[in-house]
Amino acid sequence: MILPAVLAPLRGAFTGGAGYLSACTSGLWMRPTHDAIVADLERGARTGADPARYDAAVVESRAAFARLVGVAPGAVAIGSQTSVLAALIAANLPDGAQVLCAEGDFSSVVLPFVHAGRGIRIRTVPLAHLAEAIDAETTLVAFSIVQSATGEVADAAAIIAAARRHRALTFADATQAIGWLPVDATLFDALVCHSYKWLCAPRGVAFLTLSDAYVRTLRPVQAGWFAGEDPWSSCYGADVDLAGDARRFDVSPAWQAFVGAAPALTLFADADRHALHRYTTGMADEFRRRLDLPLPERPSTIVAWHDPDGQSLADLRAAGIVASGRAGRARVAFHIFNDEEDVTRAARALGR
């Protein structure tokens, strides 16, 4: 695969990546992220924390993520982990609600609903049958757009259409999607994404988008000072005006993480997302062809295959390739910092 010229600025921000096929586990930090964090640490050692600078990093990060998924910044709440933001959704479900999930989905998407109490019931079906399993009893459908263990891409359009027919809410985890797969957050009632994987930000920067209709129904059960309309005037007491949009669900940001996230998110927001999708999935499909693996129904840059004894993963690591194993499978992922040499190197490591 030849890197399209429109992706050169994004690719040029990385100083490494050869042999690193594990963005689905954790993305590489780009040079602007490294430089921003180091500069902040050095500044902090000399003059202490600078809240105004940190607030600016949060504003920049929120705006960049909003651009990535096609919403206004006011539709985006900030958080730290997927499970925490999912727990907000779970806490707002009515007693006895039925939540439909995909079998084998990532625990952070499922466990907040499993342990929500109040008679909330969980039903799971294979991802391929999620849309057809939605019925009049379904209150909410919670699923990952891209499955972590397998790389399978959900038929989001069919799930959304079925949910609308049955007046069910949709809650999507886009952590394994945004950064290589174009995602339109306006199609979902709620969408969560942690940015440390495909968006190559530090851990501790997660986002929740909410539709205009849904945001008005949710209780801010995690409200703190940063959920105020003016956070720095909301630090004390009970007489606090919360933000009038999704920012009322903000939690206090991990400052250094947002300092590092802001330049990364901005570069991804500036990139051509469709070109990025074609480039990354093109490498993945070439790798599948070399290993005689079937092409997926919907292109995915994550390639996983059964590896019960761990031999494939061991062979990859012996060749100096960073890969991962999940649920009895070997797993590789191709991102902007990879190229065809990574495809060849990984295939050769597996005898292909």
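The values are calculated or read from the model by the stated rules, or taken from the named source; none is laboratory data. Note that this is a predicted model, so its numbers are computed, not measured. So basically every Cβ, Gly included, is an ideal-geometry build from the backbone, and we count neighbours across all protein chains shown. Heavy atoms of the whole protein, side chains included, go into the accessibility calculation; ligands, DNA and RNA do not. Shrake-Rupley method; radii C 1.70, N 1.55, O 1.52, S 1.80 Å.
Could you please give the count of residues in the range 4-33 that are in contact (Cβ under 8 Å) with a residue 60 or more places away in the chain and within 24 Å of residue 324 (Cβ to Cβ)?
Just the residues of the range 4-33 that are in contact (Cβ under 8 Å) with a residue 60 or more places away in the chain, to begin with: 4, 6-7, 9-11, 13-14, 16-30, 32-33.
Next cut, within 24 Å of residue 324 (Cβ to Cβ) only: 10-11, 13-14, 16-30, 33.
Selection size over the range 4-33: 20.
Looking at 208, 187, 191, 199, can you tell me which residue is in contact with a helix residue (DSSP H, G or I) (Cβ under 7 Å, 6 or more places away or on another chain) and farther than 18 Å from residue 61 by Cα? Can you show your working first?
Values: 208 fails: farther than 18 Å from residue 61 by Cα; 191 fails: farther than 18 Å from residue 61 by Cα; 199 fails: farther than 18 Å from residue 61 by Cα.
Sole residue among the options that is in contact with a helix residue (DSSP H, G or I) (Cβ under 7 Å, 6 or more places away or on another chain) and farther than 18 Å from residue 61 by Cα: 187.
Matching residues to (1) open to solvent by 10 Å² or more (accessible area, probe 1.4 Å); (2) of a type in the set (Phe, Trp, Tyr); (3) closer than 13 Å to residue 77 by Cβ; (4) out of contact with any Phe, Trp or Tyr (no Cβ under 9 Å at 6 or more places or on another chain):
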{"residue": "192", "(1), (2), (3), (4)": "no, no, yes, no"}
{"residue": "195", "(1), (2), (3), (4)": "no, no, no, no"}
{"residue": "201", "(1), (2), (3), (4)": "no, no, no, no"}
{"residue": "206", "(1), (2), (3), (4)": "no, no, yes, no"}
{"residue": "212", "(1), (2), (3), (4)": "yes, no, no, yes"}
{"residue": "215", "(1), (2), (3), (4)": "yes, no, yes, no"}
{"residue": "222", "(1), (2), (3), (4)": "yes, no, yes, no"}
{"residue": "225", "(1), (2), (3), (4)": "yes, yes, no, no"}
{"residue": "229", "(1), (2), (3), (4)": "yes, no, no, yes"}
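May I ask you to say which residue of 71, 58, 99, 84 is in contact (Cβ under 8 Å) with a residue 40 or more places away in the chain, part of a loop (DSSP other than H, G, I, E, B), crowded, with 16+ Cβ neighbours inside 10 Å and not basic (Lys, Arg)?
Working: 58 fails: part of a loop (DSSP other than H, G, I, E, B); 99 fails: part of a loop (DSSP other than H, G, I, E, B); 84 fails: part of a loop (DSSP other than H, G, I, E, B).
Criteria check complete, one pass: 71.
Quick check on residue 105: is it surrounded by 19 or more Cβ atoms within 10 Å (Cβ to Cβ), over 24 Å from residue 226 (Cα atoms) and not aliphatic (A, V, I, L, M)?
Criteria met by residue 105.
Do you know which residues across the range 36-77 are of a type in the set (S, T, N, Q) and either more than 15 Å from residue 266 (Cα to Cα) or touching a Gly at 6+ places or on another chain (Cβ under 8 Å) (or both)?
We begin by selecting, within the range 36-77, every residue of a type in the set (S, T, N, Q); these are 47, 61.
Passing the criteria: only 47.
Which members of the range 250-275 meet the condition of being of a type in the set (Phe, Trp, Tyr) and over 18 Å from the mean Cα position of the chain (by Cα)? Step through it out loud before you land on a result.
First, the residues of the range 250-275 that are of a type in the set (Phe, Trp, Tyr): 255, 258, 268.
If the condition is that a residue be of a type in the set (Phe, Trp, Tyr) and over 18 Å from the mean Cα position of the chain (by Cα), then 255 is the only one that fits.
Kindly establish whether residue 122 is open to solvent by less than 40 Å² (accessible area, probe 1.4 Å), among the β-branched types (Val, Ile, Thr) and on the phi < 0 side of the Ramachandran plot. Break it down into steps so the answer makes sense when it comes.
Values: open to solvent by less than 40 Å² (accessible area, probe 1.4 Å): no; among the β-branched types (Val, Ile, Thr): yes; on the phi < 0 side of the Ramachandran plot: yes.
So residue 122 fails the test.
Would you say residue 142 is farther than 28 Å from residue 304 by Cβ and either surrounded by fewer than 24 Cβ atoms within 10 Å (Cβ to Cβ) or of a type in the set (A, V, I, L, M, F, W, C) (or both)?
It is false that residue 142 is farther than 28 Å from residue 304 by Cβ and either surrounded by fewer than 24 Cβ atoms within 10 Å (Cβ to Cβ) or of a type in the set (A, V, I, L, M, F, W, C) (or both).
Among what's in the range 1-35 and is touching a Gly at 6+ places or on another chain (Cβ under 8 Å) and of a type in the set (Gly, Ala, Ser), pick the residue that is farthest from residue 176 (Cα to Cα).
19
Return the residue satisfying two criteria in turn: it lies in the range 168-220 and is of a type in the set (Val, Ile, Thr) and out of contact with any Asp or Glu (no Cβ under 6 Å at 6 or more places or on another chain), and of such residues it is nearest to residue 144 (Cα to Cα). Let's see the steps before the verdict.
Pass one, the range 168-220, residues of a type in the set (Val, Ile, Thr): 170, 175, 178, 183, 186, 192, 205, 209, 215, 217.
From the residues that got through so far, the ones that are out of contact with any Asp or Glu (no Cβ under 6 Å at 6 or more places or on another chain) too are 175, 178, 183, 186, 205, 209, 215, 217.
Working: 175: 8, 178: 11, 183: 12, 186: 16, 205: 18, 209: 15, 215: 21, 217: 23 Å.
Once the filter is applied, the top-ranked residue is 175.
So which of 322, 303 is in contact with a strand residue (DSSP E or B) (Cβ under 6 Å, 6 or more places away or on another chain) and open to solvent by less than 20 Å² (accessible area, probe 1.4 Å)? Before the answer, list the steps.
Details: 322 fails: open to solvent by less than 20 Å² (accessible area, probe 1.4 Å).
Among 322, 303, only 303 is in contact with a strand residue (DSSP E or B) (Cβ under 6 Å, 6 or more places away or on another chain) and open to solvent by less than 20 Å² (accessible area, probe 1.4 Å).
If the requirement is being open to solvent by 40 Å² or more (accessible area, probe 1.4 Å) and in contact with a His (Cβ under 8 Å, 6 or more places away or on another chain), which of these qualifies: 155, 135? Steps first, answer last, please.
Numbers: 155 fails: in contact with a His (Cβ under 8 Å, 6 or more places away or on another chain).
Every option except 135 fails the conditions.
What do you reckon, is residue 348 surrounded by fewer than 15 Cβ atoms within 10 Å (Cβ to Cβ), farther than 24 Å from residue 149 by Cβ and basic (Lys, Arg)?
Working: surrounded by fewer than 15 Cβ atoms within 10 Å (Cβ to Cβ): yes; farther than 24 Å from residue 149 by Cβ: yes; basic (Lys, Arg): yes.
Taking the combined requirement at face value, the residue satisfies it.
Mind listing whichever residues of the range 112-133 are farther than 16 Å from residue 168 by Cα, assigned to a helix (DSSP H, G or I) and in contact with a helix residue (DSSP H, G or I) (Cβ under 7 Å, 6 or more places away or on another chain)?
Once the filter is applied, which keeps residues that are farther than 16 Å from residue 168 by Cα, assigned to a helix (DSSP H, G or I) and in contact with a helix residue (DSSP H, G or I) (Cβ under 7 Å, 6 or more places away or on another chain), the range 112-133 yields only 112.
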